[in-house]
Amino acid sequence: MSTERVERVDDNDEVVAVVSRADAISHNWLHRIATIVCRDPEGRTLVHRRPDDDSRFPGQYNWMLGGAVEVSESYEPAAARELREELGVRAAPEFVLKFRCEGVISPYWLALHEAVVTGPFTPDPAEIAWHAWLTDAELVDLVGHEKFVPDAREAFDRYLAAQRSGGRQARHAPLPPR
């Protein structure tokens with residue numbers, strides 16, 4: 001069994017060491033996570049439920065796909081890799097925002113990306129137990145659900161704040177307030 005290696009980073013997201021992801025989590029060391037929000041051409045968002053037997057957030061809903069950034073990998077390629085691994089889709093993710101997330105499990109830098117996904121995809125059942133395309137209003141409602149991943153809720157709130165502040169150009173109309 002191999003151990004996933006990640007770059008331990010500091011408060012400025014600068015690399016300080018290469019460590020196992022398990023050590024980063026157990027010691028509360030900052031590391032990097034790349035996420036991607038998938039939209040369809042109509043502007044709906046792909047939402048999924050994690051498998052009930054998953055070690056992290058079992059049975060909870062999320063609006064992002066993603067995972068740890070590998071050693072010597074940057075955020076955008078990591079988001080594209082996660083998209084291929086979790087959905088079997090190739091796309092060029094667009095960077096949206098990055099923030100330091102205290103996280104329920106451990107702290108990390110989270111980079112959020114978006115991509116428009118067209119055509120068929122094949123969700124990895126080890127990562128995705130259920131999925132559906134939700135309208136913005138449906139997504140806002142789901143984010144408030146108790147079974148929504150807390151870190152994903154924080155990312156959603158920051159995403160809304162960035163949209164409202166004009167910090168980035170949205171690919172679609174602004175989401176309704178939460």
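The values are calculated or read from the model by the stated rules, or taken from the named source; none is laboratory data. The structure presented is a predicted model; accordingly, all values stated were derived computationally and were not measured. Note: ideal-geometry Cβ built from the backbone for every residue, glycine included; neighbour counts use all protein chains shown. For the accessible areas, the whole protein counts, side chains as well, though only heavy atoms, and no ligand, DNA or RNA atoms are used. Shrake-Rupley method; radii C 1.70, N 1.55, O 1.52, S 1.80 Å.
Phi-derived couplings, Karplus 6.51 cos²θ - 1.76 cosθ + 1.60 at θ = phi - 60°, listed residue by residue for region 45-50: 10, 6, 10, 9, 10, 6 Hz, with x used for Gly and Pro. Please identify which residues in region 50-75 have an amide N closer than 15 Å to a label point set 7 Å out from the Cα of His131, following the Cα→Cβ vector. In region 50-75, the label zone of His131 (backbone N under 15 Å from the point 7 Å along Cα→Cβ) covers 50-51, 61-67. Listed values for region 145-159 are Karplus-derived 3J(HN,Hα) couplings in whole Hz (6.51 cos²θ - 1.76 cosθ + 1.60, θ = phi - 60°), namely 5, 4, 8, 8, 4, x, 5, 5, 5, 4, 4, 5, 4, 5, 4, and x replaces Gly and Pro. Potential lengthening of the chain between Val116 and Asn28 amounts to 28.3 nm, from the contour at 0.36 nm per residue minus the alpha-carbon distance. Highest-first packing order for the peptide set 136-144, 55-63 is 55-63, 136-144, based on the mean count of other beta carbon atoms within 10 Å.
Counting helices only, and only those DSSP H runs with n ≥ 4, report the 222 nm mean residue ellipticity of the chain as the sum of -39,500 (n - 2.57) divided by its residues, in deg cm²/dmol to the nearest 500.
Working: 4 runs with 43 residues, N = 178.
So the calculated ellipticity at 222 nm is -7500 deg cm²/dmol.
Ignoring ligands, DNA and RNA, please state the percent of accessible area on region 50-178 from carbon and sulfur, probe 1.4 Å. With neighbouring chains kept in place, the figure for region 50-178 is 51 percent.
Backbone amide hydrogens, once placed in the peptide plane, bring Val117 within less than 5 Å of Arg39, Asp40, excluding anything fewer than 5 places away on its chain. For the chain, a crude dipole built from +1 on the beta carbon of Lys and Arg and -1 on the beta carbon of Asp and Glu, taken about the Cα centre, is about 360 debye to the nearest 20. Rounded to the nearest angstrom and listed largest first, the equivalent-ellipsoid semi-axes of the chain from its Cα gyration tensor are 25, 18, 16. Residue by residue, region 106-115 carries 3J(HN,Hα) couplings of 6, x, 6, 8, 10, 10, 9, 10, 10, 8 Hz when phi is fed to the Karplus relation 6.51 cos²θ - 1.76 cosθ + 1.60 (θ = phi - 60°); x denotes Gly or Pro.
Ranked from highest to lowest mean number of other Cβ atoms within 10 Å per residue, what is the order of the peptides 111-120, 8-17?
Numbers: 111-120: 18.4, 8-17: 13.0.
Sorting 111-120, 8-17 by mean packing, highest first, produces 111-120, 8-17.
Amide H contacts of Leu97 (H built 1.01 Å from N, in plane; Pro and chain starts excluded): Leu112 sit under 5 Å, all sequence-distant by 5 or more or on other chains.
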